[in-house]
1. Here are some residues: Tyr284, Tyr300. Which one is open to solvent by 10 Å² or more (accessible area, probe 1.4 Å), among the hydroxyl-bearing types (Ser, Thr, Tyr) and farther than 19 Å from Ile340 by Cβ?
2. Do we find that Arg116 is on the phi > 0 side of the Ramachandran plot and not hydroxyl-bearing (Ser, Thr, Tyr) in this structure?
3. When you scan the stretch 592-600, do you find a residue that is hydrophobic (A, V, I, L, M, F, W, C), within 19 Å of Leu415 (Cα to Cα), touching a residue at least 24 places away in the same chain (Cβ under 8 Å) and in a helix (DSSP H, G or I), even just one?
4. Scanning for something among the acidic types (Asp, Glu), touching an Asp or Glu at 6+ places or on another chain (Cβ under 6 Å) and in contact (Cβ under 8 Å) with a residue 60 or more places away in the chain, does the stretch 303-316 turn up at least one residue?
5. Which residue out of Asp473, Asp455 is under 24 Å from Ser189 (Cα atoms) and either open to solvent by less than 30 Å² (accessible area, probe 1.4 Å) or in contact with a strand residue (DSSP E or B) (Cβ under 6 Å, 6 or more places away or on another chain) (or both)?
6. List every residue pair whose Cβ atoms lie under 7 Å apart, where the two residues are 6 or more positions apart in sequence or sit on different chains, the first residue falls within the stretch 179-190 and is at positive phi, and the second residue, located anywhere, is of a type in the set (A, V, I, L, M).
7. Could you check how many residues of the stretch 424-461 are under 13 Å from Ser151 (Cβ atoms), in a helix (DSSP H, G or I) and more than 25 Å from the chain's Cα centre (by Cα)?
8. If I go through the stretch 731-758 residue by residue, how many of them are part of a strand (DSSP E or B) and either open to solvent by less than 40 Å² (accessible area, probe 1.4 Å) or of a type in the set (D, E, K, R) (or both)?
Amino acid sequence: MESKWNISRRGFLKLCTAVGGSLAIFGSAKIGLQKLQAGAAAKESEMEIIPTVGRNNCGGRCVIKSYVQDGTVVRLGTDDEPESLYHFPQVRACLRGRSYRKTFLSPDRLKYPMKRVGERGEGKFERISWEEAVATIAKETKRIKEQYGPSARYVQYASGNQGVFRGDACMRRLLALDGGYLNFYGSYSTICTSVATPYTYGVSNTGNSPDCFMDSKLILMFSFNPAEMIHGSLTTYHFKEAKNNGARIIVIDPRCSDTVTALADEWIAIRPTTDGAMLAAMAYVILTQNLLDRGFLDTYCIGFDRAHMPAGFDNDETVEEYLLGTYDGIPKTPEWAEKICGVPHSRIRQLAVEYATAKPAAMIQGWGMQRQANAEQAVRMGTLLPAMTGNIGMSGGWAAGQGTSSRHAGASFPLPKNPVKDTISVFLWTDAIVRGKQMTKQADHIRGVDKLSQDIKIIYNIAGNTLINQHSDCNRTAEILRDTDKVEFIVVSDFFMTPSAKFADILLPSTTMFESEDIVNCGNWSDYITYCNKSIEPMFESRPDYDWILDVADQLGLKTAFSEGHDSIGEWTPIVYEKLRQKEKELPPFDEFKKRGIFKYPIKKKLIAFEQEIKDPAGHPFKTPSGKIELFSSRLRDFNEPVEIPAIPKYVPAFEGPEDPLIEKYPLQCMGWHYKRRCHSMHDNNPWMEEAARQEMWMNPVDAQKRGIGNDDVVEVFNDRGKVHIPVHVTQRVIPGVVAIPQGAWYTPDKDGVDTRGNINTLTTQRPTALAKGNPQHTNLVEVRKV
């Protein structure tokens with residue numbers, strides 16, 4: 001019997017609200033009513049139009065045009081260059097980009113430097129001068145190095161500024177010149193796939209350029225939601241072009257996302273953490289129905305069958321044996337997978353045949369599926385199917401895995417080599433506070449050294465909200481940070497009093513994209529570079545991060561080494577741009593680029609991942625130890641953890657997944673998603689965005705009815721880590737047994753520690769994934785009750 005979770009295009013269009021057009025929204029930013037009225041009525045000819053760019057941590061990097069009059073941004077525009085002029089689609093802003101003025105030019109901005117006067121985390125501060133702030137930071141930076149060593153200094157991951165001269169990069173440059181700092185590898189966005197993918201291919205950049213989708217006959221999107229999270233400003237454009245050219249798009253996701261409603265021909269609903277089981281069953285069908293490309297496997301891969309195992313591993317399990325159940329007695333049939341993932345066996349079998357016979361076909365693994373507790377194995381299983389069908393190294397195909405690609409180099413701020421070798425997984429920084437000196441290469445997969453030399457004692461959190469809001473288990477994180485005997489000093493630079501800002505010892509007001517200059521490289525799958533022109537003078541006492549870090553460098557005796565004679569970002573930008581021009585000969589002169597605000601590279605040739613490796617395997621081997629696609633990895637086998645880190649792709653049940661016994665106590669899987677009204681946590685304080693899409697939890701009517709919950713009721717979502725109060729949206733756009741809370745809401749605990757804003761990280765775990773030691777923030781078991 002077919003599950004009601006599987007909905008045809010006609011069916012889901014009846015269920016789902018189609019994605020609307022761009023919102024043209026304008027509003028005020030700390031200007032009086034008279035000025036607002038005058039600005040609204042001003043003729044465009046009286047305004048200066050200044051090109052800038054959305055430089056926050058969004059894949060879009062959209063063009064923004066500031067309409068400025070009398071030193072005030074009156075309104076915003078976006079890319080309006082004729083497409084016929086440059087043969088390039090317009091790089092236009094979404095509803096987030098069009099609301100930048102309301103978000104950033106707000107009277108709620110941090111106005112001057114402050115120091116903490118209450119308990120850390122209370123958010124109690126008093127105003128100080130920039131001179132005192134800089135002197136304090138310099139003193140503590142020096143003290144921590146002298147008392148504990150440079151590896152006790154940590155520049156926090158995450159930045160809402162993705163410009164070349166972003167503040168965290170500036171601080172790392174300074175600390176590298178001053179003896180070093182604790183490194184990290186990976187990112188919360190991609191750590192599991194960035195670690196897992198190279199075990200198959202040797203590299204993580206496995207994507208083709210997006211114009212290759214024009215040649216795809218079938219596109220499968222596993223947990224991929226570009227319509228909301230903006231995976232490159234032009235991504236949905238390319239998918240629409242592919243559809244117009246005949247491609248069929250199928251989305252596999254626990255939610256009927258906006259990408260489903262906007263692009264897909266079919267939605268296949270799946271339980272979170274079970275993608276690997278479905279993929280294994282698809283591989284089983286391709287194998288047993290003899291739909292695989294044996295010639296491709298024999299030529300380019302090792303580990304699929306007994307005849308193609310690497311030397312010395314004759315007794316190890318092959319991929320073929322795993323799929324057939326030779327060792328464990330469990331053939332990975334669609335019937336087996338259905339019990340795990342909830343997708344009907346008939347649809348799994350049919351989809352496997354469709355994928356294997358639709359060549360070229362693209363199977364895209366969105367980064368949501370790799371933020372699961374068993375993420376690395378789902379990634380590895382995904383890379384198996386393109387190899388089995390020969391969909392690698394061709395336009396229209398897709399190698400799966402991380403899927404990033406770029407045809408062009410980017411500008412970069414020069415960073416000296418860090419003298420400190422100690423390197424942790426980006427997700428384990430709270431562990432490095434609590435037990436840093438006990439963390440080892442074997443147990444915690446640290447790099448560079450066998451054991452960390454010191455706990456983290458000072459944190460520089462610059463333009464990011466991962467200090468508390470975006471990290472797992474906010475309650476535990478807050479408890480760790482409150483203890484000033486652990487982390488002795490915290491510097492935060494931001495625009496607003498965010499949840500992370502409340503934990504600062506010194507809190508600094510930074511400048512937005514409207515108040516500073518920068519170069520912003522294009523996002524993934526994009527072919528342009530942008531210039532962030534300063535539209536207005538800095539508001540209040542805010543300063544670009546480069547400026548105050550330069551002052552700290554001066555007090556440390558490193559001003560000349562840090563600045564190389566450049567006292568502002570504006571003096572640096574032509575330097576790094578001209579260095580880039582030496583690689584990218586098509587770039588125009590700097591002044592021309594700055595005036596236009598963007599350069600769109602002429603598209604001359606498709607970028608096809610592994611094209612040379614497939615055409616000339618002898619002359620261009622894969623960058624793996626064997627020179628081939630490693631379906632069996634001796635490097636993974638060396639971990640000697642065959643259950644959680646097998647040498648071949650396997651489905652590994654997730655902790656807090658549907659097979660965890662804890663589900664008896666907490667029967668609902670809770671996942672997050674990137675919401676169209678926020679970029680991570682940015683814009684959460686923008687009332688326009690709340691009107692566009694309120695913070696709410698999605699719940700299936702079956703689960704709501706069991707608990708006596710109605711639409712718009714406020715509910716309590718809870719587990720052993722915390723409690724969240726949030727309004728509920730009862731909808732069939734999420735499957736039974738799953739609730740979904742959009743990530744990024746600002747952590748707002750009440751006096752009892754209950755988060756009242758709906759921050760999913762109140763519920764997430766700090767237990768890392770097995771291989772990458774990454775963030776499993778979509779893997780949570782909870783219960784829900786009406787408040």
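1. Among Tyr284, Tyr300, only Tyr300 is open to solvent by 10 Å² or more (accessible area, probe 1.4 Å), among the hydroxyl-bearing types (Ser, Thr, Tyr) and farther than 19 Å from Ile340 by Cβ.
2. So Arg116 does not fit the description; no.
3. no
4. no
5. Going through Asp473, Asp455 in turn, the sole match is Asp473.
6. Sorted first by the residue in the stretch 179-190, then by its partner, the pairs are Gly180/Val420; Gly186/Val195; Gly186/Val426; Gly186/Ala772.
7. Looking only at that region, the number is 2.
8. Residues meeting the conditions: 7.
The values are calculated or read from the model by the stated rules, or taken from the named source; none is laboratory data. Worth saying up front: this structure is predicted, and the values here are computed from it rather than measured. Every residue, glycine as well, gets a Cβ built from its backbone with ideal geometry; the counts of neighbours run over all protein chains shown. Just so you know, the surface numbers come from the protein's heavy atoms only, side chains and all, with ligands and any DNA or RNA stripped out. Shrake-Rupley method; radii C 1.70, N 1.55, O 1.52, S 1.80 Å.
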